1. Since Pro492 meets every condition but one in (1) within 32 Å of the chain's Cα centre (by Cα); (2) within 30 Å of Glu568 (Cβ to Cβ); (3) not in a strand (DSSP E or B), which condition does it not meet?
2. If I ask for residues that are out of contact with any helix residue (DSSP H, G or I) (no Cβ under 9 Å at 6 or more places or on another chain) and more than 24 Å from Asn244 (Cα to Cα), which ones from region 72-93 would you list?
3. Picking from Tyr534, Tyr459, which residue would you name as being among the hydroxyl-bearing types (Ser, Thr, Tyr), closer than 16 Å to Arg406 by Cβ, in contact (Cβ under 8 Å) with a residue 12 or more places away in the chain and outside any loop (DSSP other than H, G, I, E, B)?
4. Take Val271 and decide whether it is β-branched (Val, Ile, Thr), under 30 Å from Val142 (Cα atoms) and either modelled with pLDDT of 95 or more or not assigned by TED's automatic domain parsing to the domain that holds Ile202 (or both).
5. Does any residue of region 127-144 turn out to be free of Cβ contacts under 8 Å to residues at least 60 places away in the same chain, closer than 23 Å to Tyr88 by Cα, of a type outside the set (Val, Ile, Thr) and surrounded by 16 or more Cβ atoms within 10 Å (Cβ to Cβ)?
6. In the same structural domain as Thr258 (by TED's automatic domain parsing), within 28 Å of Ile272 (Cβ to Cβ) and exposed (fewer than 11 other Cβ atoms within 10 Å of the Cβ): does that describe Val211?
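The values are calculated or read from the model by the stated rules, or taken from the named source; none is laboratory data. Since the structure is predicted, the reported quantities are computational estimates derived from the model, not experimental observations. Glycine gets a Cβ as well: all are built from the backbone with ideal geometry, and neighbour counts include every protein chain shown.
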Amino acid sequence: MLTWRKSKIMSIENFKHLYDEQAHAALRNDEFLELWRILHGKISYATALQEPEYVCTWYEEYRDNYKPVIFCSNNSKGDLIGLFFLAYNPKLKLLVNAGAQQAEYHMWLALPGEDIIFLSQAWIELLKAYSFAKLEFRYLPVELGDILKNMTNIRSNVIIQRRNRPLLKIVADDIKTTFAKKNNKSKFNRLRKLGMLEFIRISDPVEHERVLDDLINFYDFRQAAVNHTIPFRQDPKKRQFYINLFATNPSKFHITVTYLDKKPIAGLWGVISGKMVSIGMIMHSPFFAEYSPGKVHIMLLSQLLLEENMEVLDITPGNTPWKERFGNANDEVCYVLIFRSKSVRFFKNLFYELSPLLKRSLEPLGVTPTKIRYCLSTLISNSQLSTLILRIKNWVNEKRNFRIYRIKVLSAENYLLDEKVHFNSINDLLCFEQNKFLQTNDNFFSNALTRLHAGEHVYTVNIDNHLAFCGWMVLNPTEKHIPEVNYVMKFPPGSILLHDLSLHSDFMGSELYRTAIGHMVHEAIAYEKTQYIYNILPSYDISNCKLVESIGFEYQGSLFWQRRFGIEKKYLSVKLT
């Protein structure tokens, strides 16, 4: 690929197109980097995501995935007047802005009066040199979106959507009022009763790396439960990218952690652009959900930002309700797609125009865009005729049967602890493999998040980074909804419930199940006032039913559920007293 290309709009003396090794060479050139920083400082809308520290680190870390594409323009004095950082994957024919999904804001840098000419030439070069379907900008300042709308060689290929961006303006009186609210005071007081509460801005790369794994686990677990994705585990380069990025210049990034007895319970990864901090990731432990650790963290962060003379916390665009709750102001940014083909752009635009109407119609029914995407992907993946026949058959007639077991505390004193069994380990849960359990990824993680928020405890065994066993414990369940049979069971006082005890298919028939249940029973009898320990198992799990009977659990009765032609019936064969 040629470095210099002729243009009807610009002369060959002032426009460069750098690709792959030529681009990497420029990124190692101190003079180029200095000119880049000078141009960046002249652009009012530029963020830290267009600075050398961020762009160069991303290019280097993702070197195996993407080849850098750089467009730059100089004036007659040699000063940079335009810069555009992209990346190309030739195997996938994928063109992205530098930073891809890691960067919340994508944009080019160009001086006023030079921007249209510069971007028009860059688009011509992209069409000549690369095979790609579209280029996404997530997100652009509104003024840059307006530029795209007025460009003759782009405007018929572009879709521009304005998105609301919640902001938290750092105002001393607002912060004081928030901390004075009775409910917020209560959250802090209850947390402090649990141990030593600390809020720290991380400045040491060593400490950053030490706490990062806990924060990543919080982040991945919530993303898996809510958005059906596990970002860091699906992208093996992501963790090292954030470590290297922070190490380049810690003062450019705003990393804060809330500790309870020296252990992280919440954190925020932010990027500093002038007097504004933009949220990259907010992470918090699901085990402290009743204390709202995410809210507590943002409150403490706003106090720190006030002390640091920051003006705005950019909560960033998104449809998640918590963002709107925390914001006290807002503005707009643009989500932009530029298509190579006008026809593809037409049909995509039709979809975007209809989707808000569809969303408004379905929201009262509890149908969200995330659920729609999940259902469509499930439908596509399960489109075989056999699956369809099974679903119809189950609608006509389906039965489920769960057996209820109980053991008295006095009969459970011989059970032992085992070091293989872990308590409340997010890392173990994230090792779940859906093809090794009778659950899908999405059901497993959404159920797990709901249970942890409800105060349930999880016991796990991790063997070579595979979740081998997972079981749940409910303390003093006066009543418990069993979703598989849509039934609410009532339990006598002093009860503990063990349920959804699942074993990895590769470990069936091993002693692991007995060991894990023994550990859970030992833990259960340690709780005060425990009299009975209940265990619920599906009746088809004959081997494990026999196993729990052999170790002292006594059969109490069964839960029956049946559906015939869509009509459900359910009953419990015995009353628990």
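1. Just one mismatch for Pro492, condition (1).
2. Once the filter is applied, which keeps residues that are out of contact with any helix residue (DSSP H, G or I) (no Cβ under 9 Å at 6 or more places or on another chain) and more than 24 Å from Asn244 (Cα to Cα), region 72-93 yields Asn75, Ser76, Lys77, Pro90, Lys91, Leu92, Lys93.
3. On the way: Tyr459 fails: closer than 16 Å to Arg406 by Cβ.
Going through Tyr534, Tyr459 in turn, just one is among the hydroxyl-bearing types (Ser, Thr, Tyr), closer than 16 Å to Arg406 by Cβ, in contact (Cβ under 8 Å) with a residue 12 or more places away in the chain and outside any loop (DSSP other than H, G, I, E, B): Tyr534.
4. Values: β-branched (Val, Ile, Thr): yes; under 30 Å from Val142 (Cα atoms): yes; either modelled with pLDDT of 95 or more or not assigned by TED's automatic domain parsing to the domain that holds Ile202 (or both): yes.
Yes.
5. Let us first name the residues in region 127-144 that are free of Cβ contacts under 8 Å to residues at least 60 places away in the same chain, namely 131.
From what is left, the residues that are closer than 23 Å to Tyr88 by Cα are 131.
Cutting the leftovers down to of a type outside the set (Val, Ile, Thr) gives us 131.
Those still in the list that are surrounded by 16 or more Cβ atoms within 10 Å (Cβ to Cβ) too: none.
No - not one qualifying residue is present in region 127-144.
6. Numbers: in the same structural domain as Thr258 (by TED's automatic domain parsing): yes; within 28 Å of Ile272 (Cβ to Cβ): yes; exposed (fewer than 11 other Cβ atoms within 10 Å of the Cβ): no.
Spelling it out, it is not the case that Val211 is in the same structural domain as Thr258 (by TED's automatic domain parsing), within 28 Å of Ile272 (Cβ to Cβ) and exposed (fewer than 11 other Cβ atoms within 10 Å of the Cβ).
One line per residue, one yes/no per condition, for (1) out of contact with any strand residue (DSSP E or B) (no Cβ under 8 Å at 6 or more places or on another chain); (2) in contact (Cβ under 8 Å) with a residue 24 or more places away in the chain; (3) of a type outside the set (Phe, Trp, Tyr):
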position: His297; (1), (2), (3): no, yes, yes
position: Gln303; (1), (2), (3): yes, yes, yes
position: Glu307; (1), (2), (3): yes, no, yes
position: Leu313; (1), (2), (3): no, yes, yes
position: Asn319; (1), (2), (3): yes, yes, yes
position: Trp322; (1), (2), (3): yes, yes, no
position: Gly327; (1), (2), (3): no, yes, yes
position: Asn330; (1), (2), (3): no, yes, yes
position: Val333; (1), (2), (3): no, yes, yes
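Listed here are the residues, each with its yes/no results for (1) outside any helix (DSSP H, G or I); (2) polar (S, T, N, Q); (3) at pLDDT below 95; (4) surrounded by fewer than 15 Cβ atoms within 10 Å (Cβ to Cβ).
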| position | (1), (2), (3), (4) |
| --- | --- |
| Leu18 | yes, no, no, no |
| Gly41 | no, no, no, yes |
| Ile70 | yes, no, no, no |
| Lys77 | yes, no, yes, yes |
| Ile81 | yes, no, no, no |
